[in-house]
Amino acid sequence: MTDPARIDVHQHLIPPDRRGAIAGRATAQGWPAPAWDERSAIAMMDRRSIATGMLSYAAPVAGPDDPGAARAAARGINEYTAELVKDRPDRFGHFAALPLPDVDGALAEAAYALDELRADGLVLLSNAHGRYLGDREFEPLWAELDARAAVVLVHPTAPPGAPLPDLPVPLVDFPYDTTRTALHMIVNGVRSRYRRMKVILPHAGGFLPYAAHRFAAAGRLRPGVTPEDVLADLRSFHFDTAFAAGPTTLPTLLAFAGAGRVLYGSDFPMLPEEWGTGFDTALDEHPYPGPEDRYAVNRGNAELLFPRLARG
């Protein structure tokens, strides 16, 4: 059994005024409609040895043609989350939502969330209504987040285009979109230019660890960049274990990233608890080289990203 003090960097909340939208979105994507409230989240955490859950809202905050609504929705979500954290800072943390692709709105909300609401980090979707995170127009946001050494969770969303029938979008397309945006950030130099910010890729980075040496060929297509440069940039991400600690995925992730870049994630309530406990067991039973590696994955690496949660 693991140390009963995991830090869960991939846990979601659903504000009351967003319940219908989230349930409808999940159903449309062929996924179980999640339910969430503070008490059920804490009960789940107690059952699964989670001391603190870093909460994020992982869905578009508004449609692509209404930046005003997106700014208002992000503000409402962030203020609601900040109140939860204020009441239970030991049990919850806060990744603030931003209204991308509205860069000016995202910059303003990031400053408000970090400076006034004391958010622990920011959450961005893997694409903002079809625009991926290596987009040059997002450069001012990356520069600001790097100057702040911010922690950024890049959560997957549906890629552009129609889904395949009978294949739920979260099951198949989310890992693809995580991989796509991560490589887009690499080939457009986001990770090489901005080393101070810390970027977490959920679900073991999608397909990135498995195909990293294939993706390294991108270095052969760009003047002045080598495959080794690409691999170093790919390894600069952090990776969480949400819905991903399987018997082939976890060894691949650890072999690629090392235990020092891996963080525990539950994906609750988007991933039903009964689906996630098997992945918890796999983490507990994995033959790590040393006990410090198990602790690092469950808690220690997150303490480095979020010093307020460090013990002692």
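Could you say whether any residue in the range 246-265 is assigned to a helix (DSSP H, G or I), of a type outside the set (S, T, Y), open to solvent by 20 Å² or more (accessible area, probe 1.4 Å) and touching a residue at least 60 places away in the same chain (Cβ under 8 Å)? Checking the range 246-265: not a single residue is assigned to a helix (DSSP H, G or I), of a type outside the set (S, T, Y), open to solvent by 20 Å² or more (accessible area, probe 1.4 Å) and touching a residue at least 60 places away in the same chain (Cβ under 8 Å). Kindly indicate whether E83 is crowded, with 16+ Cβ neighbours inside 10 Å, of a type in the set (D, E) and either out of contact with any Ser or Thr (no Cβ under 7 Å at 6 or more places or on another chain) or in a strand (DSSP E or B) (or both). So E83 does not fit the description; no.
One residue alone among P170, P175, P163 is within 19 Å of Q29 (Cα to Cα), at pLDDT below 95, assigned to a helix (DSSP H, G or I) and not aliphatic (A, V, I, L, M), and that residue is P170. Scan the range 44-51 and tell me whether some residue there is in a helix (DSSP H, G or I), open to solvent by 10 Å² or more (accessible area, probe 1.4 Å) and within 25 Å of N298 (Cα to Cα). Yes, the conditions are met somewhere in the range 44-51.
Here's the yes/no breakdown for (1) part of a loop (DSSP other than H, G, I, E, B); (2) under 16 Å from the mean Cα position of the chain (by Cα):
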site	(1), (2)
A212	no, no
A218	no, no
P223	yes, no
S236	yes, yes
T277	no, no
L283	no, no
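Restricting A28, A62, A58, A23 to residues that are modelled with pLDDT under 95 and in contact with a His (Cβ under 7 Å, 6 or more places away or on another chain) narrows the list to A58.
Each residue in the range 141-160 was checked for being among the small types (G, A, S) and assigned to a loop (DSSP other than H, G, I, E, B), and 3 pass.
A search for C-beta distances below 6 Å between a residue of the range 138-150 that is closer than 20 Å to A302 by Cα and among the charged types (D, E, K, R) and any residue that is open to solvent by less than 40 Å² (accessible area, probe 1.4 Å) and at pLDDT 95 or above, counting only pairs 6+ apart in sequence or on different chains, returns D146/Y194; D146/M197. In the set (1) without any contact (Cβ under 8 Å) to a residue 40 or more places away in the chain; (2) closer than 17 Å to H10 by Cβ; (3) among the hydrophobic types (A, V, I, L, M, F, W, C), A111 fails one condition alone, (2).
Determine whether P89 is in a loop (DSSP other than H, G, I, E, B), crowded, with 19+ Cβ neighbours inside 10 Å and not aliphatic (A, V, I, L, M).
Against the criterion (in a loop (DSSP other than H, G, I, E, B), crowded, with 19+ Cβ neighbours inside 10 Å and not aliphatic (A, V, I, L, M)), P89 does not qualify.
The values are calculated or read from the model by the stated rules, or taken from the named source; none is laboratory data. If you're wondering where the values come from, they're calculated on a predicted model, not measured in any experiment. All Cβ positions, glycine included, derive from the backbone under ideal geometry; neighbour counts span all protein chains shown. Just the protein is used for accessible areas: all its heavy atoms, side chains included, with ligands, DNA and RNA removed. Shrake-Rupley method; radii C 1.70, N 1.55, O 1.52, S 1.80 Å.
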